[in-house]
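J.: Before I ask anything, here is the structure I am working with.
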């Protein structure tokens with residue numbers, strides 16, 4: 001390879017590898033998005049409208065929305081806010097500055113500054129500002145009406161199309177900021193207390209000082225996933241099947257709460273997977289579920305407070321829960337026997353999960369992993385690694 005060839009190869013962007021399916025998905029998404037925007041704008045404004053029904057910057061927005069939906073530049077506020085701000089700025093300077101070239105340059109510059117200030121940077125919005133200035137007599141005569149139609153209408157429709165299409169094809173959109181600590185305390189999540197923490201990322205990005213087309217939250221998630229993969233290699237790829245409890249007590253959703261409570265007490269456990277013959281695992285009932293819904297007397301009877309009793313009498317409250325299905329957690333996370341235990345660390349450490357049912361291919365419960373099982377396994381692996389070094 002010559003030096004010239006090596007140099008030109010360095011000019012090529014370093015994009016993350018994507019599958020052929022993703023390329024097809026992004027292309028089809030752009031087709032659906034632009035078509036929907038054009039048709040709905042025609043219906044909303046009318047085919048005989050003097051203003052264009054579909055502006056060129058929507059094509060650039062479609063690239064971000066469907067090919068890079070996780071980018072901060074492709075989020076709803078970036079598109080709606082960026083395009084509306086740019087259109088308003090463009091119309092304003094088209095009216096204030098007679099020279100169209102100067103007006104276009106000032107409009108783009110001010111639009112970028114305003115978008116950065118308002119946190120709605122969207123690259124195609126620069127073209128919206130140019131269109132407002134250089135779009136011709138029809139757009140100039142429309143004045144601020146151009147901001148509403150077609151800019152606001154086009155932007156809203158293509159965002160809705162992206163929301164529907166991306167989620168239907170397995171791509172989360174929009175990318176919301178991560179939820180707060182589930183324990184509602186000021187402490188960082190356990191997985192964020194060692195290694196690279198969010199404060200480290202914020203400091204590095206602040207030092208970098210440029211716009212990065214990936215959110216700090218996404219970058220943090222990528223780093224932790226890479227750390228999990230590295231930990232999986234170091235932990236000897238221990239699986240759930242190796243550490244899970246196999247003699248698992250389960251309960252049916254139509255079982256009385258008294259029965260489930262007695263099972264928890266007699267076996268000194270804190271959770272029972274809820275199963276049916278037809279569907280396998282359908283939920284889990286824990287001591288926390290009991291505490292959230294009711295109190296239990298020593299003899300196994302439900303104790304309901306005076307307020308709840310009065311509410312039941314006058315019909316303002318539902319009757320006290322009596323069956324497991326009344327209080328169980330239905331959206332239960334589970335693992336497969338071949339799942340590496342390293343993948344259990346984030347949900348158990350950060351989400352407060354204490355039990356992870358293990359299911360087979362038919363969703364039948366074949367085991368359960370607790371936090372104690374996980375800690376013991378990790379400790380044992382650490383001891384084995386220390387012995388090898390010694």
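J.: When the residues of the range 25-48 are narrowed to those that are exposed (fewer than 13 other Cβ atoms within 10 Å of the Cβ) and either within 22 Å of the chain's Cα centre (by Cα) or part of a loop (DSSP other than H, G, I, E, B) (or both), which ends up modelled with the lowest pLDDT?
T.: Once the filter is applied, the top-ranked residue is 48.
J.: Please count how many residues of the range 224-240 are farther than 25 Å from residue 278 by Cβ and modelled with pLDDT of 75 or more.
T.: Count: 2.
J.: Could you list all residues from the range 358-381 that are closer than 16 Å to residue 342 by Cβ and assigned to a helix (DSSP H, G or I)?
T.: Residues satisfying the conditions are 371, 373, 374, 375, 376, 377, 378, 379, 380, 381.
J.: Let me spell it out: the conditions are (1) exposed (fewer than 14 other Cβ atoms within 10 Å of the Cβ); (2) under 24 Å from residue 174 (Cβ atoms), and residue 7 meets all of them except one. Which number is the exception?
T.: Residue 7 satisfies all of (1) exposed (fewer than 14 other Cβ atoms within 10 Å of the Cβ); (2) under 24 Å from residue 174 (Cβ atoms) except (2).
J.: Residue 51 is checked against (1) surrounded by fewer than 22 Cβ atoms within 10 Å (Cβ to Cβ); (2) at pLDDT 95 or above and fails just one. What number does that condition carry?
T.: (2)
The values are calculated or read from the model by the stated rules, or taken from the named source; none is laboratory data. Every value quoted in this text rests on a predicted model; they were computed, and no experiment measured them. Please note: Cβ atoms are built from the backbone with ideal geometry, for glycine as well, and neighbour counts cover all protein chains shown.
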